[in-house]
Amino acid sequence: MLITTGGGDRYDRTFMEGFLCPGIGPENWVSRTNYPALNVVPTGPNEMSLYVNQNYGQPTAHLRRYSLRLDGFASLHTDGDGGEMLTHPLKFTGSQLLLNFSTSAAGGIRVELQDNRGAAISGFALDDCQELIGNEIERAVTWKGGDLTRFAGRVIRLRFVMNDADLFAMRFGASDHSMPIVP
């Protein structure tokens, strides 16, 4: 199972489904199989790994490594019919919105900035956003209106419109690792 926390001693089991399900065969259903053997470990610039016990207490016992993209435990997912998500009002610092995402070749993600009343901000409306496609750990969202510096410290909302896509994480800041958008 996957339990989340925002820090402190409060935990939330939002995700009720099993994160790592046992494999085929009774040897995968014994006590302590699929127990993590170590914490989540960074194993590359775009990857993290989880090591778990398999076939516990049997002659075939071993560790298995599962790898995930960075921040890949959960995502906001939309299928080919698409979907939207609107954030709560928030304040940020920085000049860019950076996303960790994946889309299909036919999919995409666009983001709209809204004021605290829910109205699109000129230059940062959905139609002003360059659609993101691909599979990136950190790519900056771009709008016709430029960077986000003038909105830092102000209350805004973000409207995500996605089609056949996964959004794993987002953050505000600046990055030298963002892939340039080629027209």
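The values are calculated or read from the model by the stated rules, or taken from the named source; none is laboratory data. The structure presented is a predicted model; accordingly, all values stated were derived computationally and were not measured. No Cβ is skipped: glycine too gets one built from the backbone with ideal geometry, and neighbour counts run over all protein chains shown.
Okay, here's what the table says:
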item: When residues of region 120-170 are limited to those that are under 21 Å from Asp81 (Cβ atoms) and not hydrophobic (A, V, I, L, M, F, W, C), the one farthest from the chain's Cα centre (by Cα); result: Asp127
item: Subset of region 50-78 [buried (at least 17 other Cβ atoms within 10 Å of the Cβ), touching a residue at least 60 places away in the same chain (Cβ under 8 Å) and within 20 Å of Val40 (Cβ to Cβ)]; result: Arg69, Gly72
item: Strands (runs of 3 or more DSSP E) fully within region 58-115 counting 3 or more residues that are of a type outside the set (Ser, Thr, Tyr) and in the same structural domain as Arg159 (by TED's automatic domain parsing); result: 83-86, 96-114
item: Verdict on Asp79 being closer than 24 Å to Leu158 by Cα, touching a strand residue (DSSP E or B) at 6+ places or on another chain (Cβ under 8 Å) and at pLDDT below 95; result: no
item: One residue from Glu84, Glu112 being among the acidic types (Asp, Glu) and loosely packed, with under 14 Cβ neighbours inside 10 Å; result: Glu84
item: Top-ranked residue in region 15-49 [being in contact with a Ser or Thr (Cβ under 7 Å, 6 or more places away or on another chain) and farther than 19 Å from Asp71 by Cβ; ranked as surrounded by the most Cβ atoms within 10 Å (Cβ to Cβ)]; result: Glu27
item: Region 92-109 - residue that is crowded, with 21+ Cβ neighbours inside 10 Å and touching a Leu at 6+ places or on another chain (Cβ under 6 Å) and, of those, nearest to Val161 (Cα to Cα); result: Ile109
item: Residue in region 61-72 that is polar (S, T, N, Q) and more than 21 Å from Ile133 (Cα to Cα) present; result: yes
item: Yes/no for Asp127 being outside the structural domain of Pro45 (by TED's automatic domain parsing) and in a loop (DSSP other than H, G, I, E, B); result: no
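To keep it simple, each residue is scored yes or no on (1) over 26 Å from Arg157 (Cα atoms); (2) modelled with pLDDT under 90; (3) in contact with a helix residue (DSSP H, G or I) (Cβ under 8 Å, 6 or more places away or on another chain).
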{"position": "Glu17", "(1), (2), (3)": "yes, yes, no"}
{"position": "Pro22", "(1), (2), (3)": "yes, yes, yes"}
{"position": "Ser49", "(1), (2), (3)": "yes, no, no"}
{"position": "Phe92", "(1), (2), (3)": "no, no, yes"}
